[in-house]
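Asker: Take a look at the following structure, please.
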Amino acid sequence: MRCVKCKEKAVYHRRYSGQMLCKEHFLEYFERKVRKNIRKIGIKRGDSIGIGLSGGKDSMSTLQMLWKSSKKIGFELTCIGVDEGIDGYREETLAVAKAFTGELDVPFEVVSFKETYGRTLDEMADNGNACTYCGVLRRRLLNEKARKLGMDKLATGHNLDDEVQAVMMNYLRGDVERLIRLGNPISGDGFVGRIKPLSEMPEKEVALYSLLTNLGSSSSECPYSQSFRSTTRDFINQLEKANPGIKFSVMRGYEKLSPHLKSYSRSELLKCSNCGEPSSQEVCNACKILKTLSKK
Amino acid sequence: MSIEVQIIRGKTLSLIEVEPDSTIADLMEQIGVNRETVLTRLNDEVAVEEERLKGGDVVEIIMAISGG
C-alpha cells in the first residue's frame, strides 16, 4: 500500500478521508492540524501555559506539540504531574514524564493525593468509585497548582475520542447540565481555563504519532477501569469501524447544538463555601468526597 | 489451503491460520479485534490494515486506545 502523496510505503489509512499516508506525510498532516488547533485556542506570546502531564501518549504528544509551538510563538511551559497513589502504575508513568521534560528542559512539578488529601487513591478506592474520586480530586489539584504557578491556561491531553465519549455519555445519562458545560466551559475567578490541543485528533492517530516519533510514552494501563466509559468507547469504535468519520460527525453536531443549549444552563461559577475553590455548586464535589472519606 | 502467521499481542505470541490473500483487516475480524482500536506492525514495520499476509508473516498488535 502506497502513500497518496509520494508513493512511499503507507503507515496509516485515514479511512474517513480515504487516504493512505506514509510516515513523513502522516507526521506532516498531524502536526499541521494540531498547530491549527493551537492557533485557534489563542495562545499569545508571553503566556504561561501549564500542561497536565501523566506520561501517557496523549499528554506526551500534547507536550511535544506545545513545546514546538512555544519556540515559534514565544510562550512558557510548565508541566504538572499528579501522583494519585496508584501502586505499580503511576510511578512508571511519572518517571517517563520526568525523563521527557528533562530532555525538553521544561519544568516539571509533581503534586500528590497523599500530601494534599492525606491518603492515596488506593487507600480511598472502594465500591468501584475510584474513577469518580480520581477525576474530581485530580482536576482540583491540577487547577490549584496551575493557579499557584500563575498559569494563564492549563492544557490537557484530551483527544477527539475523549471528547466524543464525554458528549455521548452525557446524552446517554441525560445529564444536560454537564452536556452544556462541555461546550460552554466555566471560566472565572480562581479557575484556570482549559485548552485541549489534541481535541480534533482521533486517539488512534495520537497513538501512531507517539509511536512514529518515539515519544517513549508509557503504555501502562490504569488498574481502575471505568466501565460506563469503556462501554461507550467500544460502542463508538464499533460505529466508527462501520462508518468512518462518525466521531467527527458527533462533535460537529454537538458544536451546532451547543450555543442553543447555553441559555438552559443553571450553573454559574461560585466559590465553594468550604474550601473557597471555584465550583458550580455551593459545596464543591472534592469537598463532598473528602467529607465522605473522613467518615470511613 | 490456509497459511499460518504469527501474532504478537503484548508478551503473548500465538500462531493462527488465515485464508490465502487475507489482509491484516481480515485477520483482525477473525480474532475479534476492532481495527479502530489498534495499530499494527507487519514484520517489524508499521503497516496499514489493507496489507496482504503471506505464510510466516509476523503481525504485532499494539493497543491504540487507553483504558479507563
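Read-outs throughout are calculated quantities, based only on the coordinates presented, and are distinct from any laboratory measurement. Values in this document were obtained by computation on a predicted structure and should not be read as measured data. Note that we place each Cβ from the backbone using ideal geometry, even for glycine, and neighbour counts take in every protein chain shown.
Asker: Among A:193, A:118, A:50, determine the one that fluctuates most according to a GNM of chain A built with springs between C-alpha atoms less than 10 Å apart.
Answerer: Answer for the Gaussian network model of chain A: A:118.
Asker: Would you tally the net charge around residue A:172, using a Cβ to Cβ cut-off of less than 14 Å, leaving residue A:172 out, and scoring K and R as +1, D and E as -1?
Answerer: +2
Asker: Using just the Cα positions, wrap the protein assembly as shown in a convex hull and report its mean projected area in square nanometres, one decimal place.
Answerer: 19.4 nm²
Asker: Suppose a student asked you for the relative contact order of chain B, using Cα pairs under 8 Å spaced at least 6 residues apart; what percent would you report?
Answerer: Normalised by residue count, the contact order of chain B is 39 percent.
Asker: Please compute the contact order of segment A:143-254 in relative form: average sequence separation of alpha-carbon pairs under 8 Å and at least six residues apart, divided by the residue count, as a percent.
Answerer: Relative contact order of segment A:143-254: 37 percent.
Asker: In degrees from 0 to 90, rounded to the nearest 10, what is the angle of the helix A:227-242 Cα long axis to the longest principal axis of chain A?
Answerer: For A:227-242 against chain A, the angle is about 20 degrees.
Asker: Also, I was wondering about something else. Antiparallel versus total DSSP beta bridges in chain A: what percent is that, nearest 5?
Answerer: Expressed as a percentage, antiparallel bridges in chain A total about 30.
Asker: What ranking do A:25, A:158 get, fewest neighbouring Cβ atoms within 10 angstrom at the top?
Answerer: Going from sparsest to densest Cβ surroundings: A:25, A:158.
Asker: Here is a follow-up. Counting pairs of alpha carbon atoms under 8 Å apart in space and at least six apart in sequence, what relative contact order in percent does chain A give?
Answerer: Once normalised by length, the contact order is 19 percent.
Asker: Whole-Å semi-axes of segment A:113-184's equivalent ellipsoid, largest first, each the root of 5 times a Cα gyration tensor eigenvalue?
Answerer: Computed over segment A:113-184, the values are 24, 20, 10 Å.
Asker: Now a separate question. Could you work out the local net charge near residue A:131, counting Lys and Arg as +1, Asp and Glu as -1, over the other residues with Cβ closer than 14 Å to its Cβ?
Answerer: Within the 14 Å Cβ shell, the charges total -1.
Asker: Tell me the angle of helix A:160-173 to the major Cα principal axis of chain A, expressed in degrees between 0 and 90 and rounded to the nearest ten.
Answerer: Between the helix axis and the principal axis of chain A, the angle is about 50 degrees.
Asker: For segment A:228-296, just say rounded, prolate or oblate: build the C-alpha gyration tensor, square-root its eigenvalues into a ≥ b ≥ c, call rounded for a/c under 1.5, and beyond that prolate if a/b exceeds b/c, oblate if not.
Answerer: Oblate, because a/c is 1.5 or more while a/b does not exceed b/c.
Asker: Per residue of segment A:243-248, what does 6.51 cos²θ - 1.76 cosθ + 1.60 with θ = phi - 60° give for ³J(HN,Hα)? Whole Hz please, x for Gly and Pro, Karplus curve as stated.
Answerer: Calculated HN-Hα couplings, in order: 9, x, x, 5, 5, 5 Hz.
Asker: According to a simple spin-label model (label point 7 Å from Cα along Cα-to-Cβ), what is the distance in nm between residue B:62 and residue A:255?
Answerer: 2.9 nm
Asker: Just rank A:43, B:24, fewest to most, by other beta-carbon atoms within 10 angstrom.
Answerer: The fewest-first ordering by Cβ neighbours comes to A:43, B:24.
Asker: How large is ³J(HN,Hα), in whole Hz, for each residue of segment A:76-89 in order, when computed from phi with the Karplus curve 6.51 cos²θ - 1.76 cosθ + 1.60 and θ = phi - 60°, using x for Gly and Pro?
Answerer: Whole-Hz 3J(HN,Hα) from phi for segment A:76-89: 9, 10, 9, 9, 10, x, 10, 9, 6, x, 10, 4, x, 10.
Asker: Rounded, prolate or oblate: pick one for segment A:45-176, where a ≥ b ≥ c are the square roots of the eigenvalues of its C-alpha gyration tensor, a/c under 1.5 means rounded, and failing that, prolate if a/b is larger than b/c, else oblate.
Answerer: Judged from the Cα gyration tensor, segment A:45-176 comes out oblate (a/c at least 1.5, b/c at or above a/b).
Asker: Taking θ as phi - 60°, what are the ³J(HN,Hα) couplings along segment A:175-183 by the Karplus curve (6.51, -1.76, 1.60), each to the nearest whole Hz, with x for Gly and Pro?
Answerer: Along segment A:175-183, the couplings run 8, 5, 4, 5, 4, 5, 5, 4, x Hz.
Asker: Now for a different question. Over chain A, with a Gaussian network built from C-alpha contacts below 10 Å, which listed residue (A:90, A:14, A:138) shows the highest mean-square fluctuation?
Answerer: A:14
Asker: Further question: For the residues A:121, B:15, A:198, A:77, what sequence is obtained by ranking on other C-beta atoms within 10 Å, fewest first?
Answerer: B:15, A:77, A:121, A:198
Asker: Just to be sure I follow the rule: in segment A:16-66, considering lysines 8 or more places apart or on different chains, how many pairs have Cα atoms under 21 Å apart?
Answerer: 7
Asker: Then there's this: If you filter segment A:228-278 for trypsin sites (Lys or Arg not before Pro), then keep DSSP loop positions with at most 10 other Cβ within 10 Å, what is left?
Answerer: A:266
Asker: Can you give me the distance in nm between label points at residue A:92 and residue A:123, each placed 7 Å from the Cα along the Cα-to-Cβ direction?
Answerer: According to this spin-label approximation, the distance is 2.4 nm.
Asker: I need the calculated FRET efficiency for the pair residue B:21 and residue B:45, taking r as the beta carbon distance and R₀ as 25 Å, to the nearest 0.05.
Answerer: 0.80
Asker: If we count trypsin sites (Lys or Arg not before Pro) as exposed when they sit in a DSSP loop and have at most 16 other beta carbons within 10 Å, what is the longest stretch of chain B that avoids them all?
Answerer: B:12-53
Asker: According to the square roots a ≥ b ≥ c of the eigenvalues of the Cα gyration tensor, what is the shape class of segment A:102-255, taking rounded for a/c under 1.5, prolate for a/b larger than b/c otherwise, and oblate for the remainder?
Answerer: It comes out rounded by the Cα gyration axes.
Asker: Count neighbours as other Cβ atoms within 10 Å of each site's Cβ, and list the GluC sites (Glu not before Pro) in segment A:197-296 that are DSSP loop with at most 11 such neighbours.
Answerer: When the GluC sites (Glu not before Pro) of segment A:197-296 are filtered for loop state and at most 11 Cβ neighbours within 10 Å, A:268, A:282 remain.
Asker: With chain A treated as a Gaussian network of Cα nodes joined by springs under 10 Å, which of A:82, A:111, A:34 yields the largest mean-square fluctuation?
Answerer: Result: A:111 has the largest fluctuation of those listed.
Asker: Taking amide H atoms as placed 1.01 Å from N in the peptide plane, list the residues 5 or more away in sequence, or in a different chain, whose amide H sits under 5 Å from that of residue A:77.
Answerer: Here A:49 satisfy the definition.
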